[in-house]
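The structure under discussion appears below in the form of structure tokens.
The values are calculated or read from the model by the stated rules, or taken from the named source; none is laboratory data. Being a predicted model, the structure only gives us computed values, none of them experimental. Cβ placement follows ideal geometry from the backbone for every residue including glycine, while neighbour counts extend to all protein chains displayed.
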Amino acid sequence: MKKSALAIHGGAGTILRSKMTSELENEYRHGLQTALAAGWRILDGGGTSLNAVEAAVVELENFALFNAGKGAVFTHDAKIEMDASIMDGKARNAGAVAFVKNVKNPIKLARLVMEKTEHFLLSGDGSNEFARQINVEFADDDYFFTDFRYQQLIEARREHKVKLDHTTDEPKLIEAETSEGEKTADKISASKPQLGTVGAVACDFWGNLAAATSTGGMTNKQFGRIGDTPIIGAGTYADNQTCAVSCTGHGEFFMLTAAAYDVAARMKYKKLNLIEAASETIEHLREINGEGGLIAVDSSGNIALPFNSEGMYRGFMSSGGEMTIEIYR
């Protein structure tokens, strides 16, 4: 008997209980619970996996502590550039966007690329022009501005580094201009890490699969860098015959290994089950010094959430089960 299932993630990396305040942990848990509940309401009501993953990721994009949508990190030029992708495992159709600016929910735009165009991926000015033509909701720069993200950028610039999803840097007192031009001083610590890519995977009542992923990329990224999130097969993949996958971590390595598709390929060609295939993919990532994790679900409603980092913000739920939220290893 098939069962509905939903899993979400809010980024993987060095997430240590010792560096987390109880108040901040409760905030993260609340954000994950809200997103999981939004997707589950759709599945529990007989809705599709595609609608469920979109709804879950929209909530994650709207939650300022995750690096997607409202909480997206800044580029080197203090801009917000977002990527997103979605894939329908039944139709094996996909849509993605890269370098999107001022679009409130990039995952909605990615779905419209899938459904309204003959293309899989739109980027830059073209993706924004398409968004305007189909009346996608935009938001001004102030909506996306968060002070701790801006402080992260200032620190990254001073260190001449591109910051990954999560760090364990010691707190540093830094001074910078706010969006209002006032001086501020704040401590950057692992309790306010660069939270990464968000995503969701689902299996609905009919056994149809879907996956969705969204991100603001890396703090201080330059030169038009694109990670794995909008690349179908690298950061996102779904096929009813195997599984649905959403990845998070150091995107270059997920692209190098075609990680999302790699899980499906291991199931198809090695005849592994979901948990075995997902675990092998993350182990292969570790062997080439890639850090991160993924969430995956198959058409029987089985769920896998492997990662090789210290933690991964994640949650899952399936028919007959209770909502589960986890952060640490």
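Considering each of 72, 94 in turn, give the residue that is touching a strand residue (DSSP E or B) at 6+ places or on another chain (Cβ under 8 Å), farther than 15 Å from residue 232 by Cβ and among the hydrophobic types (A, V, I, L, M, F, W, C).
72
Can you tell me which of (1) touching a Ser or Thr at 6+ places or on another chain (Cβ under 9 Å); (2) outside any loop (DSSP other than H, G, I, E, B); (3) modelled with pLDDT under 95 is the one residue 148 doesn't meet?
(1)
Going by the structure shown, is residue 122 of a type in the set (A, V, I, L, M, F, W, C), in contact with a helix residue (DSSP H, G or I) (Cβ under 7 Å, 6 or more places away or on another chain) and in a helix (DSSP H, G or I)?
No: the conditions fail for residue 122.
So in the range 11-34, with the set limited to residues that are surrounded by fewer than 15 Cβ atoms within 10 Å (Cβ to Cβ) and touching a residue at least 40 places away in the same chain (Cβ under 8 Å), which one is nearest to residue 71 (Cα to Cα)?
24
Could you check the range 195-216 and list, in sequence order, the residues that are out of contact with any Leu (no Cβ under 7 Å at 6 or more places or on another chain) and modelled with pLDDT under 85?
196
What is the number of the single condition among (1) touching a helix residue (DSSP H, G or I) at 6+ places or on another chain (Cβ under 8 Å); (2) in a loop (DSSP other than H, G, I, E, B); (3) without any contact (Cβ under 8 Å) to a residue 24 or more places away in the chain that residue 280 does not meet?
Here residue 280 clears every test but (2).
Only residues in the range 246-262 that are free of Cβ contacts under 8 Å to residues at least 24 places away in the same chain count as the first member; pair them with residues that are assigned to a strand (DSSP E or B), Cβ under 9 angstrom, at least 6 apart or cross-chain, and list the lot.
262/237; 262/245
Select, from 266, 314, the only residue that is among the basic types (Lys, Arg) and either in a strand (DSSP E or B) or modelled with pLDDT under 95 (or both).
Testing whether each residue is among the basic types (Lys, Arg) and either in a strand (DSSP E or B) or modelled with pLDDT under 95 (or both) leaves just 314.
In the range 258-276, which residues are in contact with a helix residue (DSSP H, G or I) (Cβ under 7 Å, 6 or more places away or on another chain) and within 17 Å of residue 85 (Cβ to Cβ)?
Within the range 258-276, 259, 262, 263 meet the criteria.
Got at least one residue in the range 35-49 being buried (at least 21 other Cβ atoms within 10 Å of the Cβ), touching a strand residue (DSSP E or B) at 6+ places or on another chain (Cβ under 6 Å) and assigned to a loop (DSSP other than H, G, I, E, B)?
Scanning the range 35-49, I find no residue that is buried (at least 21 other Cβ atoms within 10 Å of the Cβ), touching a strand residue (DSSP E or B) at 6+ places or on another chain (Cβ under 6 Å) and assigned to a loop (DSSP other than H, G, I, E, B), so the answer is no.
I'd like the full set of residues that are among the polar types (S, T, N, Q) and surrounded by fewer than 23 Cβ atoms within 10 Å (Cβ to Cβ), limited to the range 260-308.
273, 279, 289, 300, 302, 308
Which members of the range 72-93 meet the condition of being buried (at least 24 other Cβ atoms within 10 Å of the Cβ) and either touching a His at 6+ places or on another chain (Cβ under 7 Å) or not in a loop (DSSP other than H, G, I, E, B) (or both)?
Result: 82, 83, 84, 85, 86, 87, 88.
If you check residue 109 against the conditions, is it crowded, with 17+ Cβ neighbours inside 10 Å and closer than 26 Å to residue 218 by Cβ?
So residue 109 fits the description; yes.
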